[in-house]
Every structure is written in C-alpha cells, then in structure tokens.
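Notes follow the structure.
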Amino acid sequence: MLQFNTMAIAIAAQAAWRKSIRPTLFQDVVLLPLLGILGVLLLWWFVAAFVSELLPTPLEALLANLDYITHPFYRRGPGDLGIGWLLLASLRRVFLGFLLGSLVAIPVGFLIGMSRKALLAINPLIQIFRPVSPVAWLPIALAIFNLANPSAIFVIFITSLWPTIINTALGVSSVSQDYLDVARVLEMSRWRQITKIILPASLPYIFTGLRISLGIAWLVIVAVEMLTGGIGIGFFVWDEWSRLNLNSVFLAILVIGSTGLVLDYLLGRLQVLVTHRSPSST
C-alpha cells in the first residue's frame, strides 16, 4: 500500500512539473525570442520611415530580395550568381583557413602547456601578434601569394591561431598533477599520457578555443572579401552598397548572422559528441 501511494505521489508530481514547465518552455523558446525580433524590426521600420530616406523598410527589403530568397543558387552569367553560391565560396575559404589554423594551433598549444621553455619562447610572439588586426595581415598575404583567394585563406589561418593556442595551452596546463603522477607510477609513455589523460581532460578548453576562432574567422572573412573582391558574401555586401542597394545589404547581414549561428551550433554539437558533455557544463 505504501509503495502504491509513493508511486502515485511521484506520478502526480511529475505531471504537475510537466504542466508548470510547458508555459516556461514556450516563453523561453518561442515568445521571448519573437518579441526580441519584433523589437528589432520595429526599430528598423522607425529609422527607415522617420530618420533616413536611404534605408528601406523591412517589407520593402523583403519584396526586393524575393528573387535572391527563392532562387539562391541561380547562375545568370560570369559575375551574376545567387547568394547561395557566394555564401559557399566564403564558407570554403573559412573552412580551409580554420582547418589549417587548428592543425597548427592545437599542437603548439600542447607544447606550450607541457613545456615551460616553450611557453617562455612562444608566449612573447603570441602577445605581439595577437592584438594585430587580422585585416592588417592582408597586404603581407597579397605580397606573398599575389592572389586574392589564398591571401584570404592566409588571413583566416592567422586569425584562427590565437584563441585556439591560448585555450589549448590553458587546458593542458590545468590537468591535475595527481593524474600525471599516477601515470608516471604506472610507467606510461609520454605519448600515452597525452592521448589517455591530457587530451581528454583538455578537450573542453580546446573546443572553446575552436568556437572562438571560428566565430572570429567568419567575422573577418567578410572584411577581407570587401578588400580583395571576387566571389563571396563580403564582396557582395560592398558591391551592393556601391550601387546603394541597401535591400541586398540587409539580406546579406541576415545571411551572415544566421550562418555564424549555425556554425557555432554545429561545432557545439560536435563538442558534445566528442566530450560527452554539454558546453554549458564545461
């Protein structure tokens, strides 16, 4: 009888919790985000209607961009491509530069975190080059490669280094000394210590650095493409502004922001799959 009453109380409590949580979930996931978006649209409409004659209203921008929205992958000539192709071109540059930067930054971060001599040798270089604006590297890249596309990838490569190096080194140096002492007692090789102890413990820090690096890389590619030209979402923004077509500029801003959100989400999901822990719990 006691067991039955306990089960009934548990079921009732669970039902009450579900009933109370539904409005909260709706409010947090649907209502509040919609209110935020509506507030931005109202502010945009107010500025376009009463402050600036150049800015289109949200409805005017939507109607003017229907062709881009409904046909994102059209090809109508050598320089007339849909915004989907422009986005893919920018993503390709970002992924190449980000991948190359990660392949360099993670080993360097491990080296700094595990060796005091490496820290003393490399840290001054990091402190000197890290504050340099990524766009400042573009003239050097153009002088080296003499082409816009590899120069943009090189700038993304430089951009991707610093957050990943710093966070990786922090993660490696934060590994508990007790774990390393046990590994020495068990006579584990240095490589086995790295793969079995240091790397798993450092993964949350590494992914934090990767997410920061990817966000900055996506931000920088727009500025780089504005300067180098060619095919890409950044040059599209500059070209449309040169034509005073702010309708397409607003569309590009929405595409850039949404793509950055998706990239961060995908990397966060990869972090969960690899570390088996949510980013918020690290």
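Taken over region 120-138, the residue count meeting the criterion of being farther than 14 Å from ALA105 by Cβ, at pLDDT 90 or above, part of a helix (DSSP H, G or I) and among the β-branched types (Val, Ile, Thr) is 1.
Residues that are over 23 Å from ALA148 (Cβ atoms), touching a Phe, Trp or Tyr at 6+ places or on another chain (Cβ under 8 Å) and modelled with pLDDT under 90 are absent from region 73-82 altogether. Scanning region 108-165 for residues that are surrounded by fewer than 21 Cβ atoms within 10 Å (Cβ to Cβ) and of a type in the set (Ser, Thr, Tyr) turns up SER115, SER133.
Report whether or not LEU63 is at pLDDT 75 or above, over 24 Å from ASP264 (Cα atoms), over 25 Å from the mean Cα position of the chain (by Cα) and surrounded by 16 or more Cβ atoms within 10 Å (Cβ to Cβ). Break it down stepwise before answering.
Working: at pLDDT 75 or above: yes; over 24 Å from ASP264 (Cα atoms): yes; over 25 Å from the mean Cα position of the chain (by Cα): yes; surrounded by 16 or more Cβ atoms within 10 Å (Cβ to Cβ): no.
No; evaluated as a whole, the condition is false for this residue.
Within region 22-60, work out how many residues are β-branched (Val, Ile, Thr) and at pLDDT below 85.
Result for region 22-60: 4.
Residues in region 41-55: is at least one loosely packed, with under 11 Cβ neighbours inside 10 Å, under 28 Å from the mean Cα position of the chain (by Cα) and farther than 30 Å from ILE231 by Cβ? Yes, the conditions are met somewhere in region 41-55. Just wondering, is there one or more residues in region 176-185 that are of a type outside the set (Phe, Trp, Tyr), free of Cβ contacts under 8 Å to residues at least 40 places away in the same chain and outside any helix (DSSP H, G or I)? Yes, some residue in region 176-185 is of a type outside the set (Phe, Trp, Tyr), free of Cβ contacts under 8 Å to residues at least 40 places away in the same chain and outside any helix (DSSP H, G or I). Please enumerate the residues belonging to region 61-74 that are in contact with a helix residue (DSSP H, G or I) (Cβ under 7 Å, 6 or more places away or on another chain) and over 14 Å from VAL255 (Cβ atoms). The one that is in contact with a helix residue (DSSP H, G or I) (Cβ under 7 Å, 6 or more places away or on another chain) and over 14 Å from VAL255 (Cβ atoms): ALA64. Against the conditions (1) in the same structural domain as LEU251 (by TED's automatic domain parsing); (2) out of contact with any Leu (no Cβ under 7 Å at 6 or more places or on another chain); (3) outside any loop (DSSP other than H, G, I, E, B), ALA105 satisfies every one except (2). Taking ARG211 as the residue in question, decide whether it is over 30 Å from SER151 (Cβ atoms) and part of a helix (DSSP H, G or I). Taking the combined requirement at face value, the residue does not satisfy it. Within the set THR228, THR275, THR259, the sole residue that is surrounded by 13 or more Cβ atoms within 10 Å (Cβ to Cβ) and either in contact with a strand residue (DSSP E or B) (Cβ under 6 Å, 6 or more places away or on another chain) or at pLDDT 90 or above (or both) turns out to be THR259. The set of residues in region 166-186 being loosely packed, with under 10 Cβ neighbours inside 10 Å and among the β-branched types (Val, Ile, Thr) consists of VAL185 alone.
The values are calculated or read from the model by the stated rules, or taken from the named source; none is laboratory data. Quantities reported herein were computed from a predicted structural model and do not represent experimental measurements. Note that we place each Cβ from the backbone using ideal geometry, even for glycine, and neighbour counts take in every protein chain shown.
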